[in-house]
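Down below is the structure, laid out as structure tokens.
The values are calculated or read from the model by the stated rules, or taken from the named source; none is laboratory data. Predicted model only: the values in this text are computed from it and were never measured. Quick reminder, even Gly has a Cβ in these numbers, built from the backbone with ideal geometry, and neighbours come from all protein chains shown. The accessibility values were calculated without ligands, DNA or RNA, using every heavy atom of the protein model including side chains. Shrake-Rupley method; radii C 1.70, N 1.55, O 1.52, S 1.80 Å.
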Amino acid sequence: MGIDRLYCGEKVVGRWNKNIYEVTDLLGTGGIARVYKVRDQGGDIWALKVSEDIHSITKEYQKLEKFKSSGWSPFVKELDDYIRGNGKVHFIVMEYIDGVNLKEYVDKNTISIKCIVGVAVIIGKCFNTLHEEGLVFGDLKLENIMVDKRNSKIKMIDLGGVTQMGVSIKEFTPLYDRASFNMGLRRADEKYDLFSLSMLIIVLILRKKNINVVYNVDKLVQILKDINISDEFIKVIHKGLMQKEKSFASFLDKLEKIYQNDHYKYSKGYFDKLELAINGLLVGSAMLFCGVLYKYFF
């Protein structure tokens, strides 16, 4: 992106709302934006997202504003801009989430199969809320899912990819994009989110091993069969990838029943060769994480 990185201690002064924020840390960088941890004049901590692309950041602000009371989306405070050097920088100020994204979590912890199903149900419920409004999440990836440690919640961040149904999807991640697998158009509909959520389940189960080089649905399903998770669970995932479910809600209902009835378990009762079983050192953190999710949504 064209904007030089903001430095720690730099003051961002809103041109219209006149609020002042002091930069304390860089939280993340994307293709067209950066996100910083900032402190306002009252000492409160916020996340500040900056971009030169007014269309993209305004669109995201509108989505954040629409769903700020949903519980799964960060609370948004304001949209403003400021002059930096010879250019204008647009920014959103939103809730700072004290936690880690799901990629950071799974890189350091092993998650049980049951917990993976629970995560998928939670995300599916968020997607259902969007679908009821005629919207599709679009750009799903582990980095866009935050585990809020302070409030014991999961939150979906970066709503820039949220798209009106029937419109072409502009922001996507190939690994979760059905068009990259030749499984449909890059157009917003419920089945686009159905495919991406099914891929997320696979990514969490396989921990990205054997995925990046396998853009073939049948081969991915075969890998799942080789690690001995239940046939019922594999069938649900496969139908999700093929987008053969009659509706997204039907897919979500089946996932929830699998979670509640423990129908995800290994068919032969032993651990798979990718070592997804929780060892003694990780039981506490993994079970706590799964318990937090269950407590919040079930």
query = Working from the pairwise distances between different alpha carbons, so that the mean of 1/r is found and then inverted, what is the range 1-89's Kirkwood radius in Å?
reply = 13.6 Å
query = So what is Rg over Rh here for the chain, counting just Cα atoms and using Kirkwood for Rh?
reply = 0.99
message = Using a probe radius of 1.4 Å on heavy atoms only, what accessible surface per residue do you get for the range 163-261? Whole Å² is fine.
response = 45 Å²
task = Net charge near D80: determine it from the other residues with C-beta under 13 Å of the C-beta of D80, scoring Lys and Arg +1 and Asp and Glu -1.
result = +3
key: Inter-site label distance for Y215 and R187 at 7 Å from Cα along Cβ, in nm   = 2.1 nm
Top positive-direction residue, dipole computed over the chain with Cβ charges, set V93, H131, M183 = M183
request  = May I ask you to give the percent of accessible area on the chain that is carbon plus sulfur, with a probe radius of 1.4 Å?
outcome  = 49 percent
ask   = Relative to a virtual label point 7 Å from the Cα of Q41 in the Cα→beta-carbon direction, which members of the range 77-105 show backbone nitrogen distances below 20 Å?
value = 77-84, 91-95
remark   = Toy charge model, Lys and Arg Cβ at +1, Asp and Glu Cβ at -1: the chain dipole around Cα centroid in debye, rounded to 20, equals 460 debye
request  = Would you mind getting the Kirkwood hydrodynamic radius of the range 63-116 from its Cα pairs, rounded to one decimal in Å?
outcome  = 14.3 Å
ask   = So how much slack lies between S152 and R5, counting 0.36 nm per residue of separation and subtracting their Cα-Cα distance, in nm?
value = 49.8 nm
query = With labels modelled as points extended 7 Å from the Cα through the Cβ direction, what inter-label distance (nm, one decimal) is found for E143 paired with S180?
reply = 1.1 nm
key: Per-pair calculated FRET efficiency, R0 = 41 Å: K18 and D107 via Cβ, rounded to 0.05   = 0.50
remark   = Computed for the range 88-230: size of charge dipole around the Cα centre, +1 on C-beta of each Lys and Arg, -1 on C-beta of each Asp and Glu, debye to nearest 20, value 380 debye
remark   = Kirkwood Rh for the range 37-148 from C-alpha pairs, in Å, is 15.9 Å
query = Any idea what diffusion coefficient the range 122-262 gets from Stokes-Einstein, in µm²/s, Kirkwood Rh on alpha carbon pairs, 37 °C, 0.692 mPa s?
reply = 213 µm²/s
note = With Cα springs under 10 Å, the Gaussian network model of the chain assigns the largest mean-square fluctuation among A188, A33, A120 to A33
